[in-house]
Every structure is written in C-alpha cells, then in structure tokens.
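The structure appears right after this line, and notes come after that.
The values are calculated or read from the model by the stated rules, or taken from the named source; none is laboratory data. Fair warning: this is a prediction, and the values are worked out from it, not measured in the lab. Virtual Cβ from ideal backbone geometry, glycine too; neighbours counted across all protein chains shown.
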C-alpha cells in the first residue's frame, strides 16, 4: 500500500482545495486534498498526472497522501512559523536581559545613594557576616552630632563614621568614595 500510484486529476474544486483522481489501475476514484500536495509550485489543474500513495479511510474510501504533480517543480518549504517562533523567543531573551540589566543598574544606584550601615551587625557577627549588606538612607537620625571630626581615628564606632560621612562636611574617611568609611581601620 505504500507504493506510489499514478492517476489523472478528474475533478478539482479550487475554492475548497480538494478533488478526485482517476487512478490508472483502479476503478474507484481517489479523493485528494490540497494538503497532500505539499510544496508544489502551483495548485493542481484538471488533467494533471498525479503520483500518490493510497490511504484507506475508516469508511473504506480511498484518499491520496504524499502526492506530487508530474512535471511541476517543488518549492522549498517556508520557514515563517519557525522564524516567528525564533523571533519571539529571541524577543523574550532580549527582554530578560534588559530586566536583569535594569536590576543591576538599580542596585548600583541604590548602593551609591544609600550608604552601608553596619551598626545593625553588633552581635552574632559570624552568622550575620554572610548576609547581604544592609543600607540605610542618609536621612536616618542617630544620637551623633557634627562636631568637626573628620578622620577615622577620631570615631568611636563604624555607625558614628557612617553618620559623619553622610551628614557632616569635610570628612576624610572614605578614600575610595564607595560609601564605606574607615575600611582600613581594624577597630571597625
């Protein structure tokens, strides 16, 4: 049944995309749908010689499958659906990269506008040292006052140094300007 058969197109309904083949070696006409003629460069015309395989339907009717038209060239299948899917997934990947970049930019600005406050880490420092750094806005008030001190050696705690660098003029405690004062002071 998988052998190629040969017949002549007897009827064709262009609007509905189906017709009937008069087989060369059979008495019964064979139904053919346009989907059986994949990648043909033109639609079939009554009188065309058709090569096909026969598939028997559940109601014992014959149907042509894997068909081609004699003398008509094949065209390469279009890849529109694949390209559209590829573009869509490429678009999704681009959006994902954009959002990741946006998050990193947001974190960068957050770190630069809100300074590190390690005064919250006073006990259990070995457990807490692996946690992310906690940042506090410049507007948080402490019991510290600007009194002209400018250097790390004049500070009593890291929290005091952070207060001074955020709120007092002319401090000289953040040499690399990363918002973390007294990084080289072993007392903190």
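Any chance the range 74-85 includes a residue that's at pLDDT 85 or above and exposed (fewer than 10 other Cβ atoms within 10 Å of the Cβ)? No: zero hits. Being surrounded by 14 or more Cβ atoms within 10 Å (Cβ to Cβ), in contact with a helix residue (DSSP H, G or I) (Cβ under 9 Å, 6 or more places away or on another chain), more than 19 Å from residue 71 (Cα to Cα) and modelled with pLDDT of 90 or more is a condition met by no residue of the range 38-51.
Can you tell me which residue is farthest from residue 110 (Cα to Cα) among those in the range 168-178 that are modelled with pLDDT under 85 and surrounded by fewer than 17 Cβ atoms within 10 Å (Cβ to Cβ)? Among residues in the range 168-178 that are modelled with pLDDT under 85 and surrounded by fewer than 17 Cβ atoms within 10 Å (Cβ to Cβ), the one farthest from residue 110 (Cα to Cα) is 175. State whether the residues of the range 137-157 include one that is assigned to a helix (DSSP H, G or I), over 13 Å from residue 181 (Cβ atoms) and at pLDDT 70 or above. No: zero hits.
Taking the listed residues 162, 103, the one that is modelled with pLDDT of 85 or more, in a helix (DSSP H, G or I) and either surrounded by 13 or more Cβ atoms within 10 Å (Cβ to Cβ) or in contact with a strand residue (DSSP E or B) (Cβ under 7 Å, 6 or more places away or on another chain) (or both) is 162, with no other qualifying. When the range 1-43 is filtered for residues that are closer than 14 Å to residue 53 by Cα, in a loop (DSSP other than H, G, I, E, B) and more than 44 Å from the chain's Cα centre (by Cα), the ones remaining, listed by number, are 1, 3, 4, 24, 25, 26, 29.
In the range 166-178 there is no residue that is part of a helix (DSSP H, G or I), more than 20 Å from residue 112 (Cβ to Cβ) and assigned by TED's automatic domain parsing to the domain that holds residue 110.
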